[in-house]
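To keep things clear, I will list the structure first and then write my remarks on it.
The values are calculated or read from the model by the stated rules, or taken from the named source; none is laboratory data. Note that the coordinates shown come from a computational prediction; the quantities given were computed from them, not determined experimentally. Because the Cβ atoms are built from the backbone with ideal geometry, glycine has one as well, and the counts that use them run over all protein chains shown. Quick note on the areas: whole protein, heavy atoms, side chains included, nothing else; ligands and nucleic acids left out. Shrake-Rupley method; radii C 1.70, N 1.55, O 1.52, S 1.80 Å.
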Amino acid sequence: MAHRVHRPAEDEEFAFVLRMAEGPVLACFVGSWPKALAASREIDLLAAEAAAEYGPRLTAVRADMTRCPGPTRQFGVTSAPTVLILRDGREAARYEGAAAPEEFRAFLRENLGAP
């Protein structure tokens with residue numbers, strides 16, 4: 001079964017995904033404004049790849065910072081893209097800015113282990 005990236009449309013959906021997650025959560029905060037678009041699209045692709053590789057061991061969620069302002073404030077996210085690894089609803093690791101694929105994969109391996 002292919003695993004997907006959840007795309008909540010509002011704060012409550014984001015909170016629901018976190019409550020239902022049974023393991024670590026890869027939370028990708030992205031922006032829809034012009035300066036953030038290219039890097040946010042790259043993170044989208046990398047998050048989808050991670051969801052497929054890590055399968056049921058990982059819950060991936062993509063939050064548009066404008067549509068989900070509550071979690072954006074809650075986790076102190078100030079720039080897009082920002083990727084958090086959450087464990088039990090708490091930040092365990094953070095990656096900010098544009099990501100080279102290998103650098104992002106290394107971040108995942110360092111914080112989640114091998115897929």
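Here are the numbers for this structure:
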read-out	value
Sulfur and carbon atoms: percent of accessible area, region 1-68 [1.4 Å]	56
222 nm mean residue ellipticity, helices alone, for the chain (DSSP H n ≥ 4; -39,500 (n - 2.57); rounded to 500)	-13500 deg cm²/dmol
Probe 1.4 Å, accessible area per residue of the chain, Å²	55
Distance (nanometres) between label positions extended 7 Å along Cα→Cβ at Lys35 and Thr78	1.3
Estimated D of the chain in µm² per second, where Rh is the Kirkwood radius over Cα pairs and Stokes-Einstein applies at 4 °C, 1.567 mPa s	94
Residue among Ser79, Phe104, Pro115 farthest towards the positive dipole end of region 76-115, charges placed on Cβ	Pro115
Region 66-73 - phi-based ³J(HN,Hα) in whole Hz, Karplus 6.51/-1.76/1.60, Gly and Pro as x	7, 7, 10, x, x, x, 4, 5
Under the Karplus curve 6.51 cos²θ - 1.76 cosθ + 1.60, θ = phi - 60°, whole-Hz ³J(HN,Hα) for region 4-9, x wherever Gly or Pro sits	10, 9, 5, 10, x, 8
